[in-house]
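None of the figures in this text is laboratory data; all of them are computed from the coordinates on show. Here the structure is a predicted model, which means the values were calculated and not measured. Neighbour counts run over all protein chains shown; Cβ positions are idealised from the backbone, glycine included.
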Amino acid sequence: MTKAISIHNLDHYFGQGSLRKQVLFNLNLEVSAGEMIILTGPSGSGKTTLLTLVGGLRSAQFGSLQVLGQEVCHASAKQLVQVRRRNGYIFQAHNLHGSLTALQNVKMGLELHQHIELQQMQTRSAQMLEQVGLTNHLHHYPDQLSGGQKQRVAIARALVSYPQIVLADEPTAALDSQSGRDVVNLMQKLAKEQGCTILMVTHDNRILDVADRILYMEDGKLVNASQVMVKI
Ligand SMILES: Nc1ncnc2c1ncn2[C@@H]1O[C@H](COP(=O)(O)OP(=O)(O)OP(=O)(O)O)[C@@H](O)[C@H]1O
């Protein structure tokens with residue numbers, strides 16, 4: 001099966017000189033295309049760092065990290081931009097632009113893809129908002145939407161370009177139990193329909209069951225599955 005993400009002996013350090021600190025230790029991981037992976041573990045264990053490396057949001061320097069067959073370790077700034085363009089991102093704080101409507105926010109997810117015509121962008125964005133149940137909110141601004149609705153706009157924006165990989169960091173953290181559940185169910189449904197791989201960082205034990213596989217991180221290391229069952 002095609003590997004969406006392939007990680008071998010990945011280390012990561014922050015800081016320089018005497019402040020240099022290792023935060024990821026010899027990570028090894030294979031993620032198949034279409035898998036939904038949840039990455040969990042204590043605060044400070046390195047989950048977000050790993051997510052940002054996979055997303056090309058920071059540069060990986062030691063070991064090997066392949067995303068969709070492309071080596072990201074030692075990649076140039078230009079190559080990292082290409083990696084970022086192929087991914088969708090969903091964050092806890094949804095990062096919607098307050099001065100843009102839901103439709104305009106989703107359309108931004110397509111604006112890096114210059115081959116798509118304006119009218120087509122508009123249509124696709126509206127369809128995506130329909131799929132997340134927001135047909136009646138296309139022209140609402142973020143402050144006119146609930147937390148769950150805002151997160152659904154963020155999902156629509158992340159998926160509108162049909163990315164092969166979606167990276168999500170605590171997408172349910174700001175939501176009540178029911179909205180959190182709705183949001184992950186929606187992510188799972190749309191991702192399966194589009195065949196995209198999801199890597200999601202979460203502390204939210206209520207949503208672990210949506211994952212095809214749960215990974216546990218502790219002190220910068222991936223702990224193996226048999227130990228995970230004891231910890232969760
Ligand atoms: N930009 C940075 N510069 C220096 N150290 C950092 C930086 N980002 C993270 N760290 C450190 O790296 C370690 C891992 O942090 P990371 O944010 O990846 O953990 P996490 O598991 O995602 O935590 P949380 O669940 O609290 O978000 C922590 O010790 C953190 O203090």
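Take the alpha carbon gyration tensor of region 88-232, find the square roots of its eigenvalues, order them as a ≥ b ≥ c, and report rounded if a/c is under 1.5; if not, report prolate when a/b exceeds b/c, else oblate.
Working: a/c = 2.36, a/b = 1.77, b/c = 1.33.
It is prolate, given that a/c is not under 1.5 and a/b is the larger ratio.
Show me the ranking of peptides 147-159, 192-204 by mean Cβ neighbours inside 10 Å, starting with the highest.
147-159, 192-204
For the chain, what does the helix formula give at 222 nm: sum of -39500 (n - 2.57) over DSSP H segments with n ≥ 4, over the residue count, nearest 500 deg cm²/dmol?
-10000 deg cm²/dmol
Based on the mean of other Cβ atoms within 10 Å per residue, sort peptides 9-22, 167-180 so the most packed one is first.
Output ranking for 9-22, 167-180: 167-180, 9-22.
By per-residue mean of other Cβ atoms within 10 Å, what is the highest-first order of 67-76, 31-40?
Ranked from most to least packed, the peptides come out as 31-40, 67-76.
Long-range amide H contacts for Met36: which residues qualify at under 5 Å (H placed 1.01 Å from N, peptide plane, sequence gap of 5 or more or a different chain)?
Ile198, Asp212, Arg213
Whole Å is fine, so just give me how far the alpha carbon centre of region 182-217 lies from that of region 41-86.
20
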